[in-house]
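Inspection log for the structure reproduced underneath, given as structure tokens.
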Amino acid sequence: MLQSQLFTKTSKDTPKDEVSRNAQLLVRAGFIKKEMAGVYSYLPLGLRVLRKIETIIRDEMNKIGGQEILMPVFHPKENWEKTGRWDTMDDLYKVVDKSAREIALGATHEEIVVPLAKQFISSYKDLPLYTYQIQNKFRMELRAKSGILRGREFMMKDLYSFHIDEKDLDTYYEKAILAYKNIFHSAGIGEKTFLTFASGGSFSKYSHEFQTLADAGEDIIHICDPCNIAINEEIIEEQNECPICGGSNFRKEKAIETGNIFKLKTKFSAPFDLSYKDEKGDNHLVIMGCYGIGLGRLMGAVTEVLADKKGLVWPKAIAPFSVHILSLNQDGEALKIYNALTEKGIEVLLDDRDLRAGEKFADADLIGIPIRVVVSPKSLDAGGVEVRRRNEDESRIISAQALMGFVEE
């Protein structure tokens with residue numbers, strides 16, 4: 001893409017109504033625009049990042065047998081009354097149409113997916129079943145001050161698994177944990193993200209969160225370094241020993257919750273009588289698990305963890321482009337390199353704007369594309385182009401012919 005044709009622009013000024021670092025940087029860099037508290041538009045650069053996160057998540061869910069569907073945003077009130085959550089879920093948006101029919105806006109989808117699964121599950125031969133969606137959710141968040149980390153409308157992947165017994169659920173649960181670790185590793189924050197034991201509420205001893213260390217984190221976790229797991233602050237008093245090794249030497253850190261998984265068991269299958277017949281013809285309630293991850297929240301967490309004083313720093317797998325070419329009065333040569341890279345399937349943003357070099361350098365650092373290539377009279381006289389990785393301080397001159405290998409490496 002030619003940067004001169006990108007309809008968004010960067011800004012030197014920090015937005016006055018944003019207090020979170022992720023929102024400040026993403027707005028300044030032209031990735032998102034705030035519409036109201038907790039609600040953002042994703043602009044071309046931001047949407048490219050979001051779609052790449054979506055692809056990573058979809059690939060991992062497909063690898064563990066997930067079948068993708070798309071469920072509605074409007075939910076019948078009676079479904080939520082069956083589970084008892086119509087009156088108990090404080091952040092549920094409720095709307096009334098002209099016929100006085102009350103409807104819930106989807107905050108989560110157990111009330112839809114369970115009646116849906118009931119249409120297709122009747123025998124043990126129909127199980128296990130794993131289905132997921134990637135879709136916008138709506139929650140009446142009163143503390144929408146954390147940018148895209150905590151929104152009122154946000155994109156989420158929610159997977160639901162259906163099993164004949166708890167043993168089968170446990171087996172799949174471990175597969176989901178590995179899939180989540182792969183997602184965070186691909187997004188560049190795997191080393192800072194910990195599987196965290198949290199209270200399971202009324203249906204399990206534990207649920208599990210994935211918590212990413214960050215100064216902007218609203219949660220406190222206690223890390224057992226030898227086991228590479230953590231315990232949420234809310235259960236540390238009742239669980240003051242590591243569930244893995246039994247030790248009690250924890251490291252206390254602030255963290256962002258970037259994913260969660262639950263063993264639902266029969267909490268939602270029971271209200272809808274979602275059951276199956278075994279080999280003898282006896283009925284049993286279906287055992288369930290659920291697995292959620294917010295795409296925007298993950299994008300915001302990456303921003304909080306990896307950004308530096310100059311701006312965003314994107315890992316290659318989710319960067320809006322792989323290479324940012326800056327033309328300094330060498331548009332013809334820069335365009336040749338741009339065409340050569342794009343013909344090889346490499347995503348390139350070419351800064352062909354009529355701006356001073358300092359402005360282009362500042363914008364490149366703010367946008368945070370992994371590799372910067374400067375084409376200038378100085379670099380050409382030195383034998384090629386100047387290249388620098390966004391997360392490194394030093395640049396070097398390489399030949400235009402060697403650039404392809406550098407990028408692929």
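Just so it is clear, none of the values below were taken in a lab; they were calculated from the coordinates. Since the structure is predicted, the reported quantities are computational estimates derived from the model, not experimental observations. Glycine also receives a Cβ, built like all others from the backbone with ideal geometry; neighbour counts cover every protein chain displayed.
Using a cutoff of 8 angstrom between alpha carbon atoms and counting only pairs six or more residues apart, the relative contact order for the range 321-408 works out to 30 percent. By the rule of a C-alpha distance below 13 Å, with chain neighbours fewer than 8 residues away ignored, the aspartates and glutamates paired with LYS360 are ASP351, ASP352. Remark: spin-label model distance SER275-ASP13 equals 6.5 nm, labels positioned 7 Å along the Cα→Cβ axis. Here the chain carries DSSP beta bridges of which approximately 80% are antiparallel, counting only pairs with both residues inside.
Within the same chain, lysines fewer than 8 places from LYS98 are excluded, and of the rest, those with a Cα less than 18 Å from its Cα are LYS77.
At an R0 of 41 angstrom, the distance between the Cβ atoms of THR266 and LYS316 translates into a FRET efficiency of 0.45.
Loop-located chymotrypsin sites (Phe, Trp or Tyr not before Pro) in the range 179-275 (DSSP state other than H, G, I, E, B) with a sparse environment of at most 16 neighbouring Cβ atoms within 10 Å: PHE203. In order along the range 31-43, phi translates into HN-Hα couplings of 8, 9, 9, 7, 9, 6, 4, x, 9, 10, 8, 9, 8 Hz, rounded to whole numbers, per the Karplus curve 6.51 cos²θ - 1.76 cosθ + 1.60 with θ = phi - 60° and x for Gly and Pro.
Volume per residue for the range 267-380 equals 175 cubic angstrom (convex hull of Cα atoms).
Taking every alpha-carbon pair within the chain, the share separated by more than 40 Å comes to 26 percent.
For ASN136, the residues whose modelled amide H falls within less than 5 Å of its own, excluding neighbours fewer than 5 places apart on the same chain, are MET156. Using the Karplus relation 6.51 cos²θ - 1.76 cosθ + 1.60 with θ = phi - 60°, the per-residue 3J(HN,Hα) values for the range 158-172 come to 10, 10, 10, 10, 10, 9, 7, 7, 5, 4, 5, 4, 4, 5, 5 Hz, with x marking Gly and Pro.
Rounded to the nearest Hz, the phi-derived 3J(HN,Hα) couplings of the range 11-20 under the Karplus curve 6.51 cos²θ - 1.76 cosθ + 1.60 (θ = phi - 60°) are 9, 7, 8, 6, x, 5, 9, 10, 9, 8, where x marks glycine and proline.
Stretched out straight at 0.36 nm per residue, the stretch from PHE120 to SER199 would grow longer than its current Cα-Cα span by 25.2 nm. Put a plus charge on the Cβ of each Lys and Arg, a minus charge on the Cβ of each Asp and Glu, and nothing anywhere else: the dipole of the chain about its Cα centre is then about 820 debye. The range 89-136 and the range 259-286 have their alpha-carbon centroids 15 Å apart.
Summed over qualifying helices (DSSP H, 4 residues or more, each -39500 (n - 2.57)) and divided by its residue number, the chain shows a 222 nm mean residue ellipticity of -8500 deg cm²/dmol. Loop-located GluC sites (Glu not before Pro) in the range 362-395 (DSSP state other than H, G, I, E, B) with a sparse environment of at most 15 neighbouring Cβ atoms within 10 Å: GLU392, GLU394.
Centre-to-centre, using Cα atoms only, the range 337-355 and the range 9-76 are separated by 25 Å. Rounded to the nearest 10 degrees, the inclination of helix 331-343 to the longest alpha-carbon principal axis of the chain is 30 degrees.
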